[in-house]
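Below: the structure, in structure tokens.
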Amino acid sequence: MLPDPSALPLPRSLVQKGSQVTDSQMHPSGRWASAILTTVENGVRRHSLWMWAVDGSSAHELLVDPEPAAGYELSGGVHEWNIAGDRCAVVTRAGAPIIAAVNDDLVLTAVLEVPVPEGKSWSTPAWAPDGQSFVVIADWREVWLCDSNGIDARCIYDHSDFVFDPTWWNGVPTFTAWDRPQMPWTESAVVNARRESVVSLTNVSHQQARSSADGRVLGVISDRSGYSNMSVINADGSELFALKESYEHAPATWGPGARTWCFNSEHSHIAFTRNENGFGSLNVADLSTGEVTRLGNGVHGCVSWVGDTIVAVRSGARTPQQMVAYDVRHLSLTPEEWKSKRTILCDPDGERWRATDIAQWLVEPIVDRCHTAHGDIPFRLYESPRTSGALICWIHGGPNDQWQVTFRPRLNFWLSRGFDIAVLDHRGSTGHGRAFLDSLNGGWGDRDAVDALAVLDHLCSTGNYTTRRTVLMGGSAGGLTVLAMLAQRPAVAGAAVVSYPVVDLLALAHGDDPFETHHVPLLVGATSVDDEVLTERSPLRHATNVASVSLLVFHGTEDKVVPLEQSLALLDAVESAGGVIRLEVMTGEGHGFSNPDAIDHEYAVTCEFLAEYGLNLSAEPGAR
């Protein structure tokens, strides 16, 4: 779709986080679905638990006080129903879990407080098959058992460094666990509260263990085949079913509450997602025949199935996050026919993006690969409808992560200003199998930059791009890659914009972030936290080269993952090398920005910065 030549670029107000639906799941009745709805009013975000009839006929708010916690994008872990459907365990925004009791009309009748200690972070409640108790995770390392009446709660497991996503298997609480120096995507196991190993293999990642409603079979995603694929085991541990595909069925586990697959009520089928070069789809597999049916395109999460209905949260390049229901009474349909079987139950942010002057800037990317001596490097190219020849090369964080093709207003903002955007998956990215994931180990800060430069070279040689009209962007680990690109090849871009970048790997390895710090030596190839390679690989060591390109840096004062001191050191080093650098210190912000004023400031300053170098390509519309 060609844009109106007079069309203004998207206003900064649209980049702000809008209303969002997360943590969808079916009610045991099969007639209703529930989810956490986040609304925004005057910059204040409010979370509540809602119910929707799966035929789309009605909806009502169930719980707002105490306020539930928020789900995160396509993950949940905030609430779960017991088998009878008359009690719902809910993690609250204030911290502690509660039990919401409802009547037959799914109207709240009581809120029962759970007697857990204060000061802990709670997630992912999971009810026992009899509905008389549930377990919940505290601080990502303890498993607590709570009764259904809010009378008793006690810790039953604290023997692993990390535990996520509990279920019940053979009558015992069961969960994913791992210990340092591993990460959940390098080696993790399924264990139970008796400290027994349920599923465990060396150098294999396991996640999302989940039992069928009757507790007879257990499903789990593992990468033992080379890709994170679904398998199902019997009560005796023998394998009942396994998918072996060159698609990932789940992303890396960066937090609790992922639900990219589920059983149906009879555990005769599973619903599961695929990552298809960054795009996504929702599918159903018959456990007896292995036949797979594709239900729909889009990246799906929070998948739940009861009776004839699957609900999920769905997103895409042109689709803001929405909750959908699929009628799966008849699985022998064509992909086109399945569209008529999909009901949008909740589309909280869709309306503001559907206006003609807005929707024209929403772009589906093109999937491509750059051929190199060490293998192909995948990337997705978003082409602006307003052709200009300017390019943003955007590096995701992690570094073991991926930006799938979900709705990303920050991309739309720059597309409307005439920038094409390349989102690349350097070695170590997720979504392409275990071998590709592991190929960054020992080379972080080097191989990722080599790959990014190869993609940039490919685009400049095959497209209408030049380095002078290219902007490098990245945050956190992506910021390290951007700076490493400059260290390896000075003046490779017209400008660079980085947020909370990793600048000093030695300092990072000595940091105190409990989730990631221990992983730094493996990624870099250091034999200890004092290995010289940590200093040599750091952008600080190469400030003269980094200073060859004008830099804009954003960093929050409350960042506990990559402290502000890293960007302050970069500022001193680049200025000492004679470079141009602007550091914007974001007061009160952490590792990622959430305050609406801070986000607006980030984009306003970036537009101003790029304009100084002839790279702000459209007149600013201001806020509207």
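Within segment 238-251, how many residues are more than 23 Å from residue 80 (Cα to Cα), in a loop (DSSP other than H, G, I, E, B) and either of a type in the set (Phe, Trp, Tyr) or touching a residue at least 12 places away in the same chain (Cβ under 8 Å) (or both)? Explain how you work it out, then say what you get.
Start the filter on segment 238-251 by keeping residues that are more than 23 Å from residue 80 (Cα to Cα), which leaves 238-248.
Still in the running and in a loop (DSSP other than H, G, I, E, B): 238, 243-247.
Still in the list and also either of a type in the set (Phe, Trp, Tyr) or touching a residue at least 12 places away in the same chain (Cβ under 8 Å) (or both): 243-247.
Of the residues in segment 238-251, 5 are more than 23 Å from residue 80 (Cα to Cα), in a loop (DSSP other than H, G, I, E, B) and either of a type in the set (Phe, Trp, Tyr) or touching a residue at least 12 places away in the same chain (Cβ under 8 Å) (or both).
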Query raised in the report: Are there any pairs with C-beta distances below 6 angstrom linking a residue in segment 173-184 that is among the basic types (Lys, Arg) to a residue that is assigned to a loop (DSSP other than H, G, I, E, B), with the two at least 6 apart or on different chains, and if so which?
Result: 180/161
Query raised in the report: Hey, among 324, 306, 313, which residue is of a type in the set (Val, Ile, Thr) and free of Cβ contacts under 8 Å to residues at least 40 places away in the same chain?
Result: 324
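Among the residues that make up segment 571-585, is at least one of them within 16 Å of residue 397 (Cα to Cα) and out of contact with any Gly (no Cβ under 7 Å at 6 or more places or on another chain)?
Checked against the condition, which is being within 16 Å of residue 397 (Cα to Cα) and out of contact with any Gly (no Cβ under 7 Å at 6 or more places or on another chain), segment 571-585 yields no hits at all.
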Query raised in the report: Hey, among the residues in segment 456-468 that are open to solvent by 50 Å² or more (accessible area, probe 1.4 Å) and at pLDDT below 95, which one's farthest from residue 567 (Cα to Cα)?
Result: 462
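Look at segment 131-142 and say how many of its residues are under 21 Å from residue 213 (Cα atoms) and open to solvent by less than 20 Å² (accessible area, probe 1.4 Å).
Residues of segment 131-142 that are under 21 Å from residue 213 (Cα atoms), as a first pass: 131-137.
Applying the additional criterion that residues be open to solvent by less than 20 Å² (accessible area, probe 1.4 Å) yields 131, 134-137.
Residues that pass the stated criteria total 5.
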Query raised in the report: Quick one: would you say residue 35 is open to solvent by 40 Å² or more (accessible area, probe 1.4 Å), within 21 Å of the chain's Cα centre (by Cα) and either hydrophobic (A, V, I, L, M, F, W, C) or at pLDDT 95 or above (or both)?
Result: no
Query raised in the report: So residue 551 fits all but one of (1) within 30 Å of residue 491 (Cβ to Cβ); (2) of a type outside the set (Val, Ile, Thr); (3) open to solvent by 10 Å² or more (accessible area, probe 1.4 Å); (4) touching a helix residue (DSSP H, G or I) at 6+ places or on another chain (Cβ under 8 Å); what number is the exception?
Result: (3)
Query raised in the report: Failed condition for residue 46, given (1) more than 23 Å from residue 127 (Cα to Cα); (2) in contact with a Cys (Cβ under 8 Å, 6 or more places away or on another chain), with all others met?
Result: (2)
Report task. Could you identify the single residue in 432, 458 that is over 20 Å from residue 606 (Cα atoms) and assigned to a helix (DSSP H, G or I)? Result -> 458
Report task. Sort out which residues of segment 469-491 are in a loop (DSSP other than H, G, I, E, B) and either touching a Cys at 6+ places or on another chain (Cβ under 6 Å) or surrounded by 21 or more Cβ atoms within 10 Å (Cβ to Cβ) (or both), and write them in order of number. Result -> 476
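Can you pull out the residues in segment 88-122 that are aliphatic (A, V, I, L, M), touching a Phe, Trp or Tyr at 6+ places or on another chain (Cβ under 8 Å) and at pLDDT 95 or above?
Applying the first criterion (aliphatic (A, V, I, L, M)) to segment 88-122 yields 89-91, 94, 96, 98-102, 106-108, 110-112, 114, 116.
Filter again for touching a Phe, Trp or Tyr at 6+ places or on another chain (Cβ under 8 Å), leaving 89, 91, 96, 106, 116.
Within segment 88-122, 89, 91, 106, 116 meet the criteria.
Which one is most open to solvent (accessible area, probe 1.4 Å) among residues in segment 148-170 that are charged (D, E, K, R) and farther than 25 Å from residue 217 by Cβ? Give the derivation first.
Here is the first cut: in segment 148-170, the ones charged (D, E, K, R) are 152, 154, 158, 161, 165.
So of that shortlist, the ones also farther than 25 Å from residue 217 by Cβ come out as 152, 154, 158, 161.
Details: 152: 75, 154: 121, 158: 65, 161: 49 Å².
Among them, the one singled out is 154.
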**Report entry** Which numbered condition residue 493 fails, given (1) touching a residue at least 40 places away in the same chain (Cβ under 8 Å); (2) aliphatic (A, V, I, L, M); (3) within 26 Å of residue 563 (Cα to Cα)
**Finding:** (3)
Report summary line: Going through segment 215-237 in order, the residues found to be in contact with an Asp or Glu (Cβ under 9 Å, 6 or more places away or on another chain) and in a loop (DSSP other than H, G, I, E, B) are 223, 225, 227, 228
Query raised in the report: If the Cβ limit is 9 Å and pairs must be 6+ apart or interchain, which residue in segment 345-369 that is under 25 Å from residue 422 (Cα atoms) pairs with which residue that is aromatic (Phe, Trp, Tyr) and open to solvent by 20 Å² or more (accessible area, probe 1.4 Å)?
Result: 353/407; 362/407; 364/279; 365/279; 367/279
Report task. Please name all residue pairs, on different chains or six or more residues apart, with Cβ atoms under 8 Å, provided the first residue is in segment 566-589 and is under 14 Å from residue 547 (Cα atoms) and open to solvent by less than 30 Å² (accessible area, probe 1.4 Å) and the second residue is among the hydroxyl-bearing types (Ser, Thr, Tyr) and at pLDDT 95 or above. Result -> 567/500; 579/548; 579/550; 581/550
Query raised in the report: Taking segment 528-541 as the region of interest, how many residues are within 10 Å of residue 503 (Cα to Cα) and not polar (S, T, N, Q)?
Result: 4
Query raised in the report: Restricting the search to segment 83-101, which residues are under 21 Å from residue 307 (Cα atoms) and open to solvent by 10 Å² or more (accessible area, probe 1.4 Å)?
Result: 83, 84, 86, 87
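Considering each of 343, 372, 356 in turn, give the residue that is within 17 Å of residue 415 (Cβ to Cβ) and either open to solvent by 20 Å² or more (accessible area, probe 1.4 Å) or among the hydroxyl-bearing types (Ser, Thr, Tyr) (or both).
Details: 343 fails: within 17 Å of residue 415 (Cβ to Cβ); 372 fails: within 17 Å of residue 415 (Cβ to Cβ).
Just one listed residue meets the conditions, 356.
Looking for whichever is outside any strand (DSSP E or B), in contact with a Ser or Thr (Cβ under 8 Å, 6 or more places away or on another chain) and open to solvent by 60 Å² or more (accessible area, probe 1.4 Å) here; the options are 104, 55. Which one fits? Write out each step before concluding.
On the way: 104 fails: in contact with a Ser or Thr (Cβ under 8 Å, 6 or more places away or on another chain).
Step by step, each of 104, 55 is checked, and only 55 is outside any strand (DSSP E or B), in contact with a Ser or Thr (Cβ under 8 Å, 6 or more places away or on another chain) and open to solvent by 60 Å² or more (accessible area, probe 1.4 Å).
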Query - Contacts under 7 angstrom Cβ, first residue in segment 13-26 being part of a helix (DSSP H, G or I), partner among the hydroxyl-bearing types (Ser, Thr, Tyr), 6 or more apart - result: 15/603
Query raised in the report: Would you pick out the residues in segment 277-291 that are of a type outside the set (Asp, Glu) and either open to solvent by less than 10 Å² (accessible area, probe 1.4 Å) or without any contact (Cβ under 8 Å) to a residue 24 or more places away in the chain (or both)?
Result: 278, 280, 281, 282, 283, 284, 285, 288, 289
Requested in this report: Could you tell me whether segment 511-525 includes any residue that is without any contact (Cβ under 8 Å) to a residue 40 or more places away in the chain, out of contact with any Phe, Trp or Tyr (no Cβ under 9 Å at 6 or more places or on another chain), within 30 Å of residue 161 (Cα to Cα) and open to solvent by less than 30 Å² (accessible area, probe 1.4 Å)?
Outcome: yes
Report task. Could you list, in sequence order, all residues of segment 405-431 that are open to solvent by 10 Å² or more (accessible area, probe 1.4 Å) and either among the aromatic types (Phe, Trp, Tyr) or under 23 Å from residue 463 (Cβ atoms) (or both)? Result -> 407, 408, 410, 420, 427
Report summary line: Looking across segment 317-339 at residues that are among the hydroxyl-bearing types (Ser, Thr, Tyr) and at pLDDT 75 or above, the single one that is nearest to residue 270 (Cα to Cα) is 326
Query raised in the report: Which one is most open to solvent (accessible area, probe 1.4 Å) among residues in segment 39-50 that are modelled with pLDDT under 95 and in a strand (DSSP E or B)?
Result: 41
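The values are calculated or read from the model by the stated rules, or taken from the named source; none is laboratory data. This is a predicted model, so every value here is computed, not measured. With ideal geometry, Cβ positions are generated from the backbone for all residues, glycine too; neighbour counts draw on all protein chains shown. Note: accessible area is taken over every heavy atom of the protein model, side chains too, but ligands, DNA and RNA are not part of it. Shrake-Rupley method; radii C 1.70, N 1.55, O 1.52, S 1.80 Å.
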